[in-house]
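Working notes, beginning with the structure itself.
The values are calculated or read from the model by the stated rules, or taken from the named source; none is laboratory data. Keep in mind it's a predicted model, so treat the numbers as computed, not measured. No Cβ is skipped: glycine too gets one built from the backbone with ideal geometry, and neighbour counts run over all protein chains shown.
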Amino acid sequence: MAATIVGFVVAPDWKLGAMLPSSPLIWQGVVAGAFIAFFAFIGFETLANMAEEVKEPRRTLPRAILGAVTASTVLYVAVTSAVVLSDKGGATPLLDLFQGRGASAFALAAAVAVANGVLVEIMMLARLFYGMARNGQLPDVLASVHPRTRTPVFATVLAGGIVLSAALSFPFQDLLVTANVLTLGIFALVDLTLWRLHRVDPSGCDGFRAPGWVPPAAAFVAGGLIAAEILA
């Protein structure tokens with residue numbers, strides 16, 4: 001939020017029309033940026049793994065996921081607009097909005113936010129391992145929980161080890177692209193599956209139901225982003 005305020009304050013002008021793509025090359029950059037930005041949205045769907053730990057999951061989880069995605073999208077668009085309008089064209093345009101101690105403080109806050117995101121992903125991955133172990137799809141040890149905290153300790157250690165090994169073994173850019181391609185591919189398959197379920201069973205379930213046009217549209221967008229990255 002601080003970056004958004006600073007960006008709008010230091011903006012030399014507010015020519016919003018200049019933010020619209022004006023050539024195929026710029027559009028290519030927009031699509032490439034959208035593919036990279038998708039990494040910031042990975043993780044919202046894993047809130048479903050916490051269903052057994054919340055009250056009334058049929059009602060609260062859809063609202064939580066949609067609310068989190070909406071709030072994050074508004075914030076990301078505001079920050080991006082502020083950076084573009086501020087006309088900072090360096091290698092670190094977001095960080096360039098600040099100077100001196102302000103830049104150091106912002107960099108520290110960003111590092112904490114990234115670390116927090118990693119911790120959330122570890123927790124969600126651990127819950128996935130735990131659920132698969134409970135269903136007999138992974139070793140039983142991953143289904144064990146701590147007697148006091150009631151959390152899956154072994155599954156959490158395994159998830160943390162996988163994340164740490166990947167972070168130390170591969171460049172961040174390669175991890176980001178690979179994670180985005182795999183996640184978008186899974187999303188596309190889930191969207192197509194949901195689309196088929198809508199057609200096979202129009203009555204649906206008694207919980208949250210997505211509008212009929214959402215699954216094919218989402219699958220098309222996910223496939224388009226993958227194709228744009230591969231063909232770029």
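If we scan the range 124-138, do we find a residue that is buried (at least 16 other Cβ atoms within 10 Å of the Cβ), modelled with pLDDT under 85, under 17 Å from the mean Cα position of the chain (by Cα) and not aromatic (Phe, Trp, Tyr)?
yes
Out of the range 123-148, which residues are under 18 Å from residue 48 (Cβ atoms) and among the charged types (D, E, K, R)?
127, 134
I'd like to check something: does the range 160-175 contain any residue that is over 30 Å from residue 94 (Cβ atoms) and either surrounded by 15 or more Cβ atoms within 10 Å (Cβ to Cβ) or of a type outside the set (Asp, Glu) (or both)? Break it down into steps so the answer makes sense when it comes.
Just the residues of the range 160-175 that are over 30 Å from residue 94 (Cβ atoms), to begin with: 161.
Next, only the ones that are either surrounded by 15 or more Cβ atoms within 10 Å (Cβ to Cβ) or of a type outside the set (Asp, Glu) (or both) stay: 161.
Yes, some residue in the range 160-175 is over 30 Å from residue 94 (Cβ atoms) and either surrounded by 15 or more Cβ atoms within 10 Å (Cβ to Cβ) or of a type outside the set (Asp, Glu) (or both).
Of all the residues that make up the range 143-156, how many are exposed (fewer than 13 other Cβ atoms within 10 Å of the Cβ) and at pLDDT 90 or above?
Initially, the range 143-156 is screened for residues exposed (fewer than 13 other Cβ atoms within 10 Å of the Cβ), giving 146-150.
With at pLDDT 90 or above added as a condition, the list becomes none.
Count: 0.
Have a look at 216, 211 and point out the one that is at negative phi and outside any helix (DSSP H, G or I).
Details: 216 fails: outside any helix (DSSP H, G or I).
The match here is 211.
Mind checking which residues of the range 139-161 are assigned to a helix (DSSP H, G or I) and more than 24 Å from the chain's Cα centre (by Cα)? Walk me through how you get there before you give the answer.
Step one: of the range 139-161, the residues assigned to a helix (DSSP H, G or I) are 140-143, 153-161.
Answer for the range 139-161, where residues must be assigned to a helix (DSSP H, G or I) and more than 24 Å from the chain's Cα centre (by Cα): 140, 141, 142, 143, 153, 154.
With respect to residue 4, determine if the residue is modelled with pLDDT under 70 and polar (S, T, N, Q). Steps first, please.
Values: modelled with pLDDT under 70: yes; polar (S, T, N, Q): yes.
So residue 4 fits the description; yes.
Which pairs turn up if I take residues in the range 26-48 that are of a type in the set (D, E, K, R) and look for partners that are in a helix (DSSP H, G or I) and modelled with pLDDT under 75 with beta carbon separation below 7 Å, at least 6 apart in sequence or on another chain?
none
If I go through the range 52-62 residue by residue, how many of them are surrounded by 11 or more Cβ atoms within 10 Å (Cβ to Cβ) and of a type outside the set (A, V, I, L, M, F, W, C)? Reasoning before the result, please.
Looking only at the range 52-62, we keep the residues that are surrounded by 11 or more Cβ atoms within 10 Å (Cβ to Cβ), and these are 54, 57-62.
Now restrict to residues that are of a type outside the set (A, V, I, L, M, F, W, C): 57-60, 62.
Total satisfying the criteria: 5.
So, in the range 161-185, how many residues would count as being of a type in the set (S, T, N, Q), under 18 Å from residue 38 (Cβ atoms) and without any contact (Cβ under 8 Å) to a residue 12 or more places away in the chain?
Looking only at the range 161-185, we keep the residues that are of a type in the set (S, T, N, Q), and these are 165, 169, 173, 178, 180, 183.
Still in the list and also under 18 Å from residue 38 (Cβ atoms): 173, 178, 180, 183.
Now drop any that are not without any contact (Cβ under 8 Å) to a residue 12 or more places away in the chain, which leaves 173, 178.
Within the range 161-185, residues that are of a type in the set (S, T, N, Q), under 18 Å from residue 38 (Cβ atoms) and without any contact (Cβ under 8 Å) to a residue 12 or more places away in the chain number 2.
Exactly one of (1) in a helix (DSSP H, G or I); (2) more than 17 Å from the chain's Cα centre (by Cα); (3) of a type in the set (Gly, Ala, Ser); (4) over 16 Å from residue 39 (Cβ atoms) is unmet by residue 188. Its number?
Status for residue 188: all satisfied but (2).
Looking at (1) surrounded by 12 or more Cβ atoms within 10 Å (Cβ to Cβ); (2) in a helix (DSSP H, G or I); (3) free of Cβ contacts under 8 Å to residues at least 24 places away in the same chain, which is the only condition residue 108 fails?
Just one mismatch for residue 108, condition (1).
Which of the residues that make up the range 188-232 are touching a residue at least 40 places away in the same chain (Cβ under 8 Å) and more than 26 Å from residue 26 (Cβ to Cβ)?
206, 207, 208 - these are the residues of the range 188-232 that are touching a residue at least 40 places away in the same chain (Cβ under 8 Å) and more than 26 Å from residue 26 (Cβ to Cβ).
Looking at this structure, is residue 164 part of a helix (DSSP H, G or I), over 21 Å from residue 51 (Cβ atoms), not assigned by TED's automatic domain parsing to the domain that holds residue 41 and not small (Gly, Ala, Ser)?
Values: part of a helix (DSSP H, G or I): yes; over 21 Å from residue 51 (Cβ atoms): yes; not assigned by TED's automatic domain parsing to the domain that holds residue 41: yes; not small (Gly, Ala, Ser): yes.
Here the answer is yes, as residue 164 does meet what is asked.
Yes/no matrix, rows are residues, columns are (1) touching a Phe, Trp or Tyr at 6+ places or on another chain (Cβ under 7 Å); (2) under 30 Å from residue 150 (Cβ atoms); (3) modelled with pLDDT under 75:
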| site | (1), (2), (3) |
| --- | --- |
| 15 | no, no, yes |
| 55 | no, yes, no |
| 80 | no, no, no |
| 87 | no, no, yes |
| 92 | no, no, yes |
| 95 | yes, no, yes |
| 106 | yes, no, yes |
| 109 | no, no, no |
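Identify the single condition in (1) out of contact with any Phe, Trp or Tyr (no Cβ under 8 Å at 6 or more places or on another chain); (2) in contact (Cβ under 8 Å) with a residue 24 or more places away in the chain that residue 158 does not satisfy, given that it satisfies every other one.
Every listed condition holds for residue 158 apart from (1).
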